[in-house]
Structure formats: C-alpha cells, structure tokens
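The values are calculated or read from the model by the stated rules, or taken from the named source; none is laboratory data. Since the structure is predicted, the reported quantities are computational estimates derived from the model, not experimental observations. Positions of Cβ are generated from backbone atoms using ideal geometry, with glycine treated the same way; all protein chains shown enter the neighbour counts.
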Amino acid sequence: MFESILSTSTGTSISLINVIIMILVAISVGIIISFTYMKTYANKAYSQNFALTIVLLPAVIAIIILLIGSDVARAFSLAGAFSIIRFRSAPGEPKDIAFVLFALAAGLATGIGVYSYAILFAIILCSVMFLLNKADFGTKKSVTKQLRVTVPENLDYEQAFDDIFKDYAVQYNLKQVKTTALGSLYQLTYDIQLLDSISTKAFIDELRSRNSNLDISLSLTPDQSSYGC
C-alpha cells in the first residue's frame with residue numbers, strides 16, 4: 001500500500017524507509033543550522049519563530065524536491081502555486097538571509113539523496129560561523145557617535161578640545177556650530193569615533209573641565225536631522 005502511495009508519476013516507487021531517513025536527516029541538519037544561528041546571534045535577542053523555521057525549512061525543501069523529481073511539468077506547476085503565496089514578515093538582517101539560503105541548500109542536498117554531502121556541508125559552514133563569531137570577525141573597534149558640547153562665548157572653540165581628543169585617540173569632525181541662550185553660548189556638534197577601550201565617563205569629565213561644566217551630550221549615532229536649520 002505504501003509503495004502505491006509513494007509511487008511517482010513516472011511509475012517508480014519511493015521506499016518509505018528512504019523517505020523517513022530523508023526527513024530525519026533534513027530535520028537534523030536544520031537543527032544544527034538553527035543551533036548555530038542561535039549561538040552566533042549578535043545580541044542573543046534572536047527570533048524564536050525564525051529559529052524554528054530554520055529547523056523545518058530543509059525538510060520542506062527536501063520533500064518538494066522529492067515530489068518534483070525529474071518531472072518538468074510538475075516543477076512548473078509547483079512554481080506557479082508558490083508564486084501566489086505572499087509572505088508578510090519584517091525584513092531580516094543580511095545574516096538571517098544567509099541562514100535561510102544555508103537551510104535551502106541543505107534541503108536541496110538532502111532532497112536529491114546526497115545525505116553525506118548535506119551533513120558535511122552543514123558541519124563545515126557551521127564550524128566556520130562559530131570560528132568567525134568567536135574571533136569577532138568584522139567587528140568595528142570604534143563606533144561613530146555624536147557629541148554636543150556647549151561652551152561659553154569667550155572660549156576659542158575651534159581648538160579648545162584638540163588636546164583632549166588627541167589624548168583619547170578620538171577622531172573627530174566638527175559638523176555644526178550654533179549660538180544659544182541669546183547668543184551668550186555656543187553649541188558645538190561633532191561626529192567622533194571613540195574606541196571601545198576608552199572610558200566614556202573619563203572623556204566627558206575632561207570635556208566638562210574645559211567647558212566650564214556646561215551641557216554635554218553624547219549619543220550613539222549621528223542625528224542627521226539636527227544638522228539642518
């Protein structure tokens with residue numbers, strides 16, 4: 001009975017044992033890929049739904065490949081059926097897309113029956129992901145931030161903080177100068193790159209000692225809208 005159910009349109013039958021093995025291998029590979037995704041995610045605030053999807057995706061692709069076989073007409077009809085599906089989800093990060101493609105490739109390899117290649121493929125790429133994550137590959141050592149400093153009108157603001165920036169190895173670019181408090185104060189806006197190893201508190205304290213303890217603000221990223229009039 002199972003042979004008749006699992007027979008293809010060309011008359012060749014698919015062994016039930018082979019189908020079960022294929023699905024188990026695909027799910028196992030999906031678990032490996034999903035585990036790698038969870039362990040290498042940057043801030044650990046990954047999506048559980050995405051992790052579960054990665055587990056099932058190789059099995060789904062493998063089943064699709066199994067059903068299509070070498071039937072061209074079936075492949076076109078299946079493509080037409082999938083074209084009417086509309087996915088409603090927020091765009092993911094480039095890393096998420098890479099894991100989706102990773103799972104698709106594993107499902108394709110499993111679907112055509114090359115289980116050893118699918119497992120080897122998953123182990124090698126997952127190992128590479130773990131090594132790159134452990135080495136913090138691509139991590140920036142400094143982050144661009146926006147610094148706003150209020151100074152009194154009698155202070156020469158053009159070179160007032162040059163020595164402090166030099167002592168803290170800060171790369172800076174003065175983006176805006178404007179007056180405030182009826183012209184009695186200047187507000188300077190810098191884009192700066194501050195090394196992760198630098199103490200933010202010590203840096204701000206140095207600036208406070210120079211600007212008469214007036215207002216100072218330091219944000220994580222430049223606010224482009226603040227440069228306008």
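For region 164-194, a residue qualifies if it is within 34 Å of the chain's Cα centre (by Cα) and of a type in the set (K, R), and the qualifying residues are K166, K175.
Selection of region 92-117 for residues being more than 15 Å from I54 (Cα to Cα) and either aliphatic (A, V, I, L, M) or assigned to a loop (DSSP other than H, G, I, E, B) (or both) yields A109, I112, G113, V114.
Output the residues belonging to region 6-40 that are among the small types (G, A, S) and at pLDDT 90 or above. Result: A26, S28, G30, S34.
Kindly establish whether Y186 is more than 21 Å from F165 (Cα to Cα), of a type in the set (S, T, Y) and either surrounded by 11 or more Cβ atoms within 10 Å (Cβ to Cβ) or at pLDDT below 85 (or both). So Y186 does not fit the description; no.
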